[in-house]
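The values are calculated or read from the model by the stated rules, or taken from the named source; none is laboratory data. Nothing here was measured: the structure is a model prediction, and the numbers come from that model. All Cβ positions, even for glycine, are placed from backbone atoms using ideal geometry, and neighbour counts span all protein chains on display. For accessibility, only protein heavy atoms count, side chains too; no ligands or nucleic acids. Shrake-Rupley method; radii C 1.70, N 1.55, O 1.52, S 1.80 Å.
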Amino acid sequence: MTDKRQHHQARISQAQQQGKSKAIEAAFAAALKDMPEDPVLLAQWAEYQFGLGEKKSARRALLHAYSLVPEGQHHLKMGLCDKMFCLELQTDAFKLLPPIAPQERAVETLVRIKILRHHQDDIGVRKACQHLIAHATLPHERWSQISALLLASGHPGAAIEAFRKSIRDSGATPAELNRLVALHIENDDLESAWEVLEEMPEEARQAPSMLSALAQCQRKRGNKDEAIEAYRRLLDHAPANTAVWSGLADLSEKADLPGLVARCQTVLKDEKIPDAEAMLLWYSLARMQDRLKLTSDAFQSYHRANDMMHAYYVSENRAYDTIKVEQTRERLMEWFRAEMFGPQQRDQGRDQPIFVVGMPRSGTTLLERILASLPNVKPGGESKALARIASDHHQEALRGAAPLPQDIDPQQWQTFADDYWANTRVHGRFVTDKLPQNYRNLGWGMKMFPCAPIIYLKRDPRDIGWSLYKRAFRSAFAYTVQQEFIAHAIKQCEAYMAHWRRVAPGRILTVQYEELVQNPEEVTREIADFCGVEWTPACLSPEKLDVPTFTLSEQQVREPINAKGLGRWKDYEEFLQPMIRALEGYGLVT
């Protein structure tokens with residue numbers, strides 16, 4: 001068959017070189033008459049038809065070609081999917097993309113990533129990248145690109161693995177070491193980040209290209225003065241560096257803020273600054289104005305930053321979609337019904353996560369540090385392990401490639417639990433998992449860990465909403481850029497938690513943030529009792545805990561428990577009416 005095909009391909013190529021359409025069509029006609037079920041020739045015919053503008057004919061030919069590929073011909077299927085993508089049949093390419101096979105070549109996996117990225121399938125992109133890490137040999141530039149893709153899809157651990165491959169043979173430049181440190185921090189691994197810095201000569205560590213990484217590490221370690229010094233030195237070299245301004249806006253002494261505000265405003269007048277950087281600078285400017293009690297100026301700056309961020313999300317097709325959010329919630333509530341859950345099982349002495357959930361900015365970082373002050377409890381930070389397992393299986397179930405939760409057998413749930421621990425950096429008798437948005441994934445968590453304590457932290461939704469509006473988040477929090485979206489997201493959290501409490505009564509302890517900070521001993525004793533650990537006075541002084549913090553609350557939680565954060569929305573009440581009216585409409589405030 002190969003010889004016959006090559007004969008026909010030679011005739012087709014000769015006719016194409018002559019540029020005579022009749023000869024080309026005659027060559028194709030002869031080839032397809034002789035070999036009507038050859039997928040390679042059909043794909044060539046499709047490409048020719050596409051060039052003539054006959055897109056429907058090209059699509060029919062390509063789909064027919066794909067249907068003729070025998071089982072086991074993985075390389076040919078990948079080649080046809082690539083052809084579909086190139087001929088503007090991206091949806092067909094995505095739907096027909098075969099599962100990754102062990103024999104898949106690196107170039108084919110790169111085709112797979114191209115198709116998956118077009119359809120924003122972050123799960124598929126991550127799996128394809130991990131296949132490359134395990135099996136492929138790629139040039140330096142490719143590994144760097146793979147690392148960036150993994151980081152963008154929320155997998156910093158795999159991004160580090162890919163990035164280390166990119167610098168393994170050629171060595172690392174200062175800029176690449178800076179990136180490696182940033183990746184370790186993104187992965188909540190301050191120890192590894194600091195090791196990279198300590199392995200460098202002092203002169204190299206103090207170079208401008210490394211100052212950003214150094215400042216981040218000092219900041220996460222709680223070394224405020226050292227972080228400010230590094231940020232200020234870098235500012236002299238990079239006056240529009242967004243990480244510098246974010247750090248200085250949070251850490252600088254109040255007396256230094258007026259000068260910094262003026263300097264930031266000067267930088268923002270530069271029309272050459274890209275919008276992606278300018279919007280982050282507006283957040284930093286607003287933060288400094290907020291700290292100076294310049295209420296009107298601060299809100300206008302926050303508003304401008306959020307408008308720019310919203311425009312960015314829209315341009316990237318990642319804007320908050322209330323309908324999709326509600327559909328996802330309703331689907332999960334349908335999947336996880338009361339009959340799936342019995343009473344909380346007795347702890348058999350195995351390692352258990354303690355899930356801390358709630359809205360972002362509700363106080364989960366403080367609660368984690370309180371928990372980590374208790375005996376046999378280690379802080380696990382915002383682990384992505386549960387969210388990844390839930391998201392992966394959710395998407396596969398929607399495609400019919402995996403069973404629905406009610407059809408998963410006990411052994412598979414145990415496999416999920418093992419996978420969870422395999423992808424968690426911290427292990428111990430009790431390990432906190434404080435990814436706030438895991439409130440969506442508690443159905444999975446409760447089935448994987450029937451004994452795991454779950455704590456739901458509530459807070460005045462107006463304080464949560466204002467705190468969210470003030471910060472630049474990734475697209476997973478696209479609701480933070482509009483006040484009505486924030487109210488909607490808070491309502492969704494409440495709806496999820498009402499469902500979990502209904503289908504699994506007794507599994508969840510609800511803690512009110514305001515009560516926690518005003519009556520810490522009473523509330524922390526209740527928390528310790530719920531988790532089955534002994535209460536100690538140490539949990540009343542979580543600021544003394546010597547562990548790094550990787551969230552936006554890193555400065556607040558280094559202070560003693562206090563009520564300073566209560567009611568901060570009131571200073572901006574006149575500007576927050578859209579959010580307040582929406583919250584009232586949802587029955588969340590009166």
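Summary of computed values
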read-out	value
Meets criteria (closer than 25 Å to ARG164 by Cα, surrounded by 18 or more Cβ atoms within 10 Å (Cβ to Cβ), among the small types (Gly, Ala, Ser) and touching a helix residue (DSSP H, G or I) at 6+ places or on another chain (Cβ under 6 Å)) for ALA128	yes
Residue list for segment 263-277, filter: in a helix (DSSP H, G or I) and either open to solvent by 10 Å² or more (accessible area, probe 1.4 Å) or in contact with a Pro (Cβ under 7 Å, 6 or more places away or on another chain) (or both)	ARG263, GLN265, THR266, VAL267, LEU268, ASP275, ALA276, GLU277
Lone qualifier among LEU251, LEU280, LEU260, LEU285 - being in contact (Cβ under 8 Å) with a residue 24 or more places away in the chain and open to solvent by 20 Å² or more (accessible area, probe 1.4 Å)	LEU280
Criterion (exposed (fewer than 14 other Cβ atoms within 10 Å of the Cβ), modelled with pLDDT of 90 or more and of a type outside the set (Phe, Trp, Tyr)) met by exactly one of PRO403, PRO379	PRO403
In segment 193-219, residue farthest from the chain's Cα centre (by Cα) [restricted to those that are within 20 Å of ILE167 (Cα to Cα) and open to solvent by 60 Å² or more (accessible area, probe 1.4 Å)]	PRO201
Within segment 16-29, considering residues that are under 16 Å from GLN6 (Cα atoms) and in contact with a helix residue (DSSP H, G or I) (Cβ under 7 Å, 6 or more places away or on another chain), the one most open to solvent (accessible area, probe 1.4 Å)	GLN16
One residue from LEU197, LEU150, LEU214, LEU183 being without any contact (Cβ under 8 Å) to a residue 40 or more places away in the chain, part of a helix (DSSP H, G or I) and touching a Ser or Thr at 6+ places or on another chain (Cβ under 9 Å)	LEU183
Matching option when the condition is open to solvent by less than 20 Å² (accessible area, probe 1.4 Å), of a type in the set (Val, Ile, Thr) and either closer than 30 Å to SER57 by Cα or in contact (Cβ under 8 Å) with a residue 60 or more places away in the chain (or both), among ILE123, ILE115, ILE100	ILE115
Breaking point among (1) at pLDDT 95 or above; (2) surrounded by 21 or more Cβ atoms within 10 Å (Cβ to Cβ), for ASP460	(2)
Some residue of segment 340-350 being free of Cβ contacts under 8 Å to residues at least 12 places away in the same chain and either assigned to a helix (DSSP H, G or I) or among the aromatic types (Phe, Trp, Tyr) (or both)	no
GLU37 vs. criteria within 28 Å of ILE115 (Cβ to Cβ) and outside any helix (DSSP H, G or I)	yes
Segment 572-588 residues that are more than 14 Å from ASP297 (Cα to Cα), paired with ones that are open to solvent by 40 Å² or more (accessible area, probe 1.4 Å) and assigned to a helix (DSSP H, G or I) (beta carbon under 6 Å, 6 or more apart)	PRO578/GLU484; ALA582/GLU484; TYR586/LYS491
Residues satisfying the stated conditions in segment 69-97, i.e. open to solvent by 30 Å² or more (accessible area, probe 1.4 Å), in a helix (DSSP H, G or I), more than 17 Å from ARG117 (Cβ to Cβ) and without any contact (Cβ under 8 Å) to a residue 40 or more places away in the chain	HIS75, LEU76, LYS77, GLY79
Considering residues of segment 506-524 that are touching a helix residue (DSSP H, G or I) at 6+ places or on another chain (Cβ under 9 Å) and without any contact (Cβ under 8 Å) to a residue 24 or more places away in the chain only, the residue surrounded by the most Cβ atoms within 10 Å (Cβ to Cβ)	VAL523
GLY247 being part of a loop (DSSP other than H, G, I, E, B) and either closer than 30 Å to LYS434 by Cβ or among the β-branched types (Val, Ile, Thr) (or both)	no
Qualifying residues in segment 278-301 (those that are assigned to a helix (DSSP H, G or I) and of a type in the set (Lys, Arg)) - the one farthest from ALA238 (Cα to Cα)	ARG291
Top-ranked residue in segment 53-62 [being closer than 18 Å to LEU32 by Cα and not charged (D, E, K, R); ranked as surrounded by the most Cβ atoms within 10 Å (Cβ to Cβ)]	LEU62
